[in-house]
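The values are calculated or read from the model by the stated rules, or taken from the named source; none is laboratory data. This one's a predicted model, so the numbers in the text were calculated from it and none came from an experiment. Please note: Cβ atoms are built from the backbone with ideal geometry, for glycine as well, and neighbour counts cover all protein chains shown.
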Amino acid sequence: MADDPRKPRFFKDFYEKQAMQENHQQLIYEKGWGGSKWDLWWHRARMAIVMRLLKLTKGSFLEVGCAEGLYVNFYSKHKQNVMVVGLDWI
């Protein structure tokens with residue numbers, strides 16, 4: 001891993017290593033960021049809003065900024081007739 005944050009691969013390497021150690025999205029959805037009840041509420045509210053949108057969706061659904069893909073996996077299991085795709089920057 002490059003140890004200089006000015007090098008392009010520094011953050012990519014850092015977050016890939018972190019993702020192998022724990023699923024950040026899963027932790028945030030289960031406990032909130034840092035244990036914050038308001039953050040937990042926000043993530044669950046987001047999930048509920050997207051699930052309502054999925055009910056109206058026909059064809060494809062794109063989540064931009066999906067990180068590890070927690071929501072993409074969840075949505076694809078609950079909406080069988082919609083192609084759910086996640087996109088994130090590396």
Exercise for review: Return a yes/no flag: does segment 69-89 have any residue that is of a type in the set (Asp, Glu) and at pLDDT 80 or above.
Suggested key: yes
Point to revise | Subset of segment 3-18 that is in a helix (DSSP H, G or I) and at pLDDT below 70 - its residue that is farthest from residue 66 (Cα to Cα) | key: 18
**Study point:** In segment 19-39, the residues that are loosely packed, with under 12 Cβ neighbours inside 10 Å and modelled with pLDDT under 75
**Key:** 20, 21, 22, 26, 30, 34, 35
Point to revise | Hits in segment 40-68 - residues which are of a type in the set (Asp, Glu) and modelled with pLDDT of 80 or more | key: 63
Check your understanding: Do you know which residues across segment 56-84 are more than 23 Å from residue 20 (Cβ to Cβ), out of contact with any Lys or Arg (no Cβ under 8 Å at 6 or more places or on another chain) and not in a loop (DSSP other than H, G, I, E, B)?
Key -> 56, 59, 60, 62, 64, 75, 77, 78, 83, 84
Review point. Which one is nearest to residue 74 (Cα to Cα) among residues in segment 40-55 that are without any contact (Cβ under 8 Å) to a residue 24 or more places away in the chain and surrounded by 15 or more Cβ atoms within 10 Å (Cβ to Cβ)?
Key: 43
Point to revise | Candidate set from segment 56-78 (those that are surrounded by 10 or more Cβ atoms within 10 Å (Cβ to Cβ) and out of contact with any strand residue (DSSP E or B) (no Cβ under 7 Å at 6 or more places or on another chain)); member that is nearest to residue 11 (Cα to Cα) | key: 67
Revision key, fill the gap. If we keep only residues of segment 57-66 that are more than 13 Å from residue 46 (Cβ to Cβ) and among the hydrophobic types (A, V, I, L, M, F, W, C), then the residue farthest from the chain's Cα centre (by Cα) is 61
